[in-house]
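The values are calculated or read from the model by the stated rules, or taken from the named source; none is laboratory data. Please read these numbers as outputs of a predicted model, since none were measured by experiment. Glycine also receives a Cβ, built like all others from the backbone with ideal geometry; neighbour counts cover every protein chain displayed. Protein only, heavy atoms only, side chains kept; ligands, DNA and RNA dropped before computing areas. Shrake-Rupley method; radii C 1.70, N 1.55, O 1.52, S 1.80 Å.
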Amino acid sequence: MLFELALRAIWSNRALTVPILLFAGVSSLSGLFSLMAFIGLAAYLSATGVLRRLVDALLSPRPVEILALLASPEVLRPIVFSLAACLLASIIAGALASAFSYSGLYEMARELLVKGRTSLATFLQGMTRNWRRVLPVALVLETVVEVPIWLFLIALFYEMALVLLQPAAATVTSLLRLLGLSLLLLIYILAIYILTFYVLVAAVLRPELGISGAFSASFGTLAKKPGETILLVIFEAALRAGLASLASFLTAVSVNLTSLVSLIIMLVFEPVFQVARVGIFIQAEGEVVGLEPAEWRVKEAISSSFREGLESLRSFLSDRGNLLLVLWAVLPMALGLLLGAAVGSMEDLRYAARALGLLRPGRLNELVRWPLGLTTSFYIAFYNWRIALSSATSGLLAGLPVLLFLFANGLVIGLVGALIGDVVLALSALLPHGVVEIPAFLIASACGLRMGLAFRAFGRGEIGLEEFVSIVRRCVYALVGLLPLFILAGLIEGLVTPLVMSAFGWA
């Protein structure tokens, strides 16, 4: 009942999607750091001459040589350093994402449940006021969750490597140990997820509790509302699994809608589940949920959002200051492009990419051949739009995440272009859709930088809450207005780019 009421209410309270976008953008920084750490590790191993030997051993395969190489200091040390950096980045990014997004989102949810309405102002004010005191709780929570999982995964990977590299030596005991580790990992993930289900809610809505008090409040709510909690967890898991299964089935019949399903989960169901979580918590605390049944306004909400999005995009681009931000956004992308080109020019790295089949210059991906290219186009369009929405909204953290996203995008483009190793082949693969896609990303990044500047100005008292809300609202809707550009870029990438590539040597 609470889920249905929240689902109905979201169509009249669309600002609930903003903190979800912020969370998605900031938390994805961990993946960004992992990607850069992997590229750095590959570049280091290539520079030391180890990468080629490792690739040759993998292709042979020679298990003893592989294990010896992996255990050698020249390989083990950089791998351990890279894994430690990835773990630290994951903890920090997850904690920052939780602190900034949930510190305002949970206040919005309580306001919606108690008063029947909420607003973007509630989120921005709550985020600015609460994120510092929520951050320590989020850091502890991320550490409790991430560190044991990483240790389990490392142990699991080690056991799998032994079984795969030395299949003749694999025994029933080793296979049972592998199965046992997998089962323990699953049990731990489920247990820690349920036990800490309300920790951040308590940290936001009852800040006087502190770190240990927030965990105690989560345990207390679980004890008071075990049925409702388990039901919500099962329902959320079933809905996500059902949508993922539907997307997988459609993909099997050549209709790839996985990126659209991810968008629906992020923009619709994720805020609803968060509202329901807050509803259970405040009921356990003795508060009365007064949310009344609302009308379904799906079509009206979607159409009005896109109308306002196009108008906000026009207004955003008519401001010279915003156009200047678009130009500034070029700089970190260009720096990443140059570094990526330099790394991709390393001979051993290029050898590894081709020997392992990670890149095959001159060979077209089957997914872009007609008629698969049409469905691939929409997958690419919605995927890129989702990335633009979340990465730009992460700019609320003083604009810093946006700069990292721009640098990483440039790094990947430069790396792939250099690994292809032929300027004509590379430009034919990147340029046709890039002339639309890259400007769209730059405009989205400028929106993120503008929100970051507004956050800093509000924190310093240079602008008021009303102006801060107005800037963020216009920028978020401008991101919505960018969808036609991403659809156009996706159609070009799925339908036109393959033709251009074929004309310039790809087969």
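Quick one: what are the phi-derived ³J(HN,Hα) couplings along the range 184-191, Karplus 6.51/-1.76/1.60 with θ = phi - 60°, whole Hz, x for glycine and proline?
Per-residue couplings from phi come out as 4, 4, 4, 5, 5, 4, 5, 5 Hz.
Send over a whole-number figure in Å² for the accessible area per residue of the range 1-81, probe 1.4 Å.
Averaged over the residues of the range 1-81, the accessible area is 45 Å².
Order 55-61, 452-458 from most to least packed using the mean count of other Cβ atoms within 10 Å.
For the peptides 55-61, 452-458, the packing ranking is 452-458, 55-61.
Of the accessible area of the range 462-507, with the probe set at 1.4 angstrom, what percent is carbon plus sulfur?
It is 68 percent, rounded to a whole number.
Rounded, prolate or oblate: pick one for the range 384-486, where a ≥ b ≥ c are the square roots of the eigenvalues of its C-alpha gyration tensor, a/c under 1.5 means rounded, and failing that, prolate if a/b is larger than b/c, else oblate.
In terms of gyration-tensor shape, prolate.
Going by a 4.7 Å Cβ-Cβ cut-off, which cysteines of the chain have no partner at all?
Taking the Cβ cut-off of 4.7 Å, the unpaired cysteines of the chain are CYS86.
Need the list of aspartates and glutamates near LYS299 for cross-linking: C-alpha distance under 20 angstrom, and skip anything on the same chain fewer than eight residues off.
List returned: GLU4, GLU270, GLU308, GLU311.
Short version: ³J(HN,Hα) in whole Hz for each residue of the range 387-397, in order, from phi by Karplus 6.51 cos²θ - 1.76 cosθ + 1.60 (θ = phi - 60°), x for Gly and Pro, what are they?
5, 5, 4, 6, 5, 5, 5, 5, x, 4, 7
When a/c is below 1.5 the answer is rounded, else prolate if a/b is larger than b/c, else oblate, so apply that to the range 455-507 with a ≥ b ≥ c taken from the square roots of the Cα gyration tensor eigenvalues.
prolate
I'd like the Karplus ³J(HN,Hα) series for the range 120-131: coefficients 6.51, -1.76, 1.60, θ = phi - 60°, whole numbers in Hz, and an x wherever there's a Gly or Pro.
5, 4, 4, 5, 5, 5, x, 4, 5, 7, 9, 4
Rounded to a whole number, what % of the accessible area of the range 175-241 do carbon and sulfur atoms account for, probe 1.4 Å?
That fraction is 80 percent.
Percent relative contact order of the range 392-507, based on C-alpha pairs within less than 8 angstrom and at least six residues apart?
RCO, the range 392-507: 39 percent.
Just to confirm the filter: which trypsin sites (Lys or Arg not before Pro) across the range 68-169 are DSSP coil and have at most 14 other Cβ within 10 angstrom of their Cβ?
ARG117
With contacts defined as alpha carbon pairs under 8 Å and 6 or more residues apart, what's the relative contact order of the chain in percent?
Relative CO of the chain lands at 21 percent.
Defining a contact as two alpha carbons under 8 Å apart and six or more residues distant in sequence, what relative contact order in percent does the range 100-164 show?
It comes to 31 percent, rounded to a whole number.
In the range 296-442, carbon and sulfur make up what percent of the accessible area (probe 1.4 Å)?
Here it works out to 70 percent.
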